[in-house]
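The structure appears right after this line, and notes come after that.
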Amino acid sequence: MNSTTIELKKQPLAVAAEPAIIEFRGVEKTYQLGTQQIQALKGIDLTIRAGEFIAVAGPSGSGKSSLLNLVALIDEPTKGKVLYDGTEVEKFSDNEITHFRSKKIGIVFQNYNLIPVLSAVENVAFPLQIQSVSKTDSIRRAKLALREVGLGDYFNHRPANLSGGQRQRVAIARALVTNPEIVIADEPTAALDSKTGMDIIELMQELNGSKNTTFIFSTHDTQIISKVNHVIELHDGLIVNA
Ligand SMILES: Nc1ncnc2c1ncn2[C@@H]1O[C@H](COP(=O)(O)OP(=O)(O)O)[C@@H](O)[C@H]1O
Ligand SMILES: [Mg+2]
């Protein structure tokens, strides 16, 4: 594999002046497993600013998924505060949480989570149809999003007829089609070979640059980590590289 062809852009310095969209203050996450308590996050402080491109690194079990689930509002902290746009998440109503999750957040999964019976364009249009966008409009926007991830020739392919890398591109298009502020991806490259995985990270970084969408993703691939400026390194539930 020729790693010299991979040119990930350096993060613009201006990002430091961007507003914080997400803040963690003393965040802890403890799971109850029968009588056992598992402390997955042990006091996390972090700030995610608009337009950032962030990798969450760390070995298996270090708390990456727990952290990303809190960023994605899929879960709530046991202790400490998560703030979105300066407001504590625990003060949001259920409606506000639903609004944030459908309008402000895009999620990409390790195993793509595409709907097998739908074509690529129908998969990407799906989140818009849930938001009651008209069929014509949602298909038009889905096609635009697929072109942005390099799949302009694959509108009518079903997931089974796409490669792993192409499926993950469809999933990224689906995450972006609603124009979210932040895309959260938990090990988006774990099911891919290292070259395809690096292509996916490079695509996310291009989209971060062209659309200014914030990205946060987890990985334990050291080659990927070496290409990213902002790395949050977790070990045993704590950030170790702050
Ligand atoms: N739902 C759960 N119930 C109990 N323990 C969990 C649960 N989710 C994660 N854990 C535990 O929390 C710790 C951190 O897990 P996780 O956040 O999944 O780490 P990573 O994504 O880095 O592998 C691990 O010890 C894991 O076993
Ligand atoms: Mg995980």
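The values are calculated or read from the model by the stated rules, or taken from the named source; none is laboratory data. Not measured: the values here are computed from a predicted model. When we count neighbours, we look across all protein chains shown, and the Cβ atoms used for this are built from the backbone with ideal geometry, even at glycine. Areas reflect the complete protein model, heavy atoms only, side chains present, ligands, DNA and RNA absent. Shrake-Rupley method; radii C 1.70, N 1.55, O 1.52, S 1.80 Å.
Give just the number: which of (1) of a type in the set (Gly, Ala, Ser); (2) away from ligand 2 (no atom under 16 Å from the Cβ); (3) modelled with pLDDT of 95 or more does SER62 not satisfy?
All conditions are met except number (2).
What are the residue pairs meeting all of these: first residue in the range 218-233, first residue over 16 Å from ASN208 (Cα atoms), second residue open to solvent by 40 Å² or more (accessible area, probe 1.4 Å) and assigned to a strand (DSSP E or B), Cβ atoms under 6 Å, and 6 or more apart or on different chains?
Final answer for the pair search is ILE232/ILE239.
What are the pairs, 6+ residues apart or on separate chains, where a residue within the range 54-69 that is within 11 Å of HIS220 (Cα to Cα) has its Cβ under 6 Å from a residue that is small (Gly, Ala, Ser)?
VAL56/SER218; LYS64/GLY58; LYS64/SER218
Filter the range 148-180 for residues that are assigned to a loop (DSSP other than H, G, I, E, B), touching a residue at least 40 places away in the same chain (Cβ under 8 Å) and in contact with a Gly (Cβ under 9 Å, 6 or more places away or on another chain) and give the result. Show your work before the answer.
Residues of the range 148-180 assigned to a loop (DSSP other than H, G, I, E, B): 149-158, 162-163, 177-180.
Next, only the ones that are touching a residue at least 40 places away in the same chain (Cβ under 8 Å) stay: 149-150, 158, 162, 177-178, 180.
Correct list: VAL177, THR178, PRO180.
Quick check on the range 32-46: of everything there that is near ligand 1 (Cβ under 10 Å from one of its atoms) and touching a residue at least 24 places away in the same chain (Cβ under 8 Å), which residue is surrounded by the fewest Cβ atoms within 10 Å (Cβ to Cβ)?
Out of the qualifying residues, it is GLN39.
So which of ILE216, ILE224 is at pLDDT below 95, within 16 Å of ligand 2 (Cβ to nearest atom) and either buried (at least 21 other Cβ atoms within 10 Å of the Cβ) or assigned to a loop (DSSP other than H, G, I, E, B) (or both)?
ILE224
Residues of the range 75-132 being closer than 29 Å to SER163 by Cβ, open to solvent by less than 80 Å² (accessible area, probe 1.4 Å) and of a type in the set (Val, Ile, Thr), which ones?
Listed by number, the residues that qualify are ILE105, ILE107, VAL108, ILE115, VAL121, VAL124.
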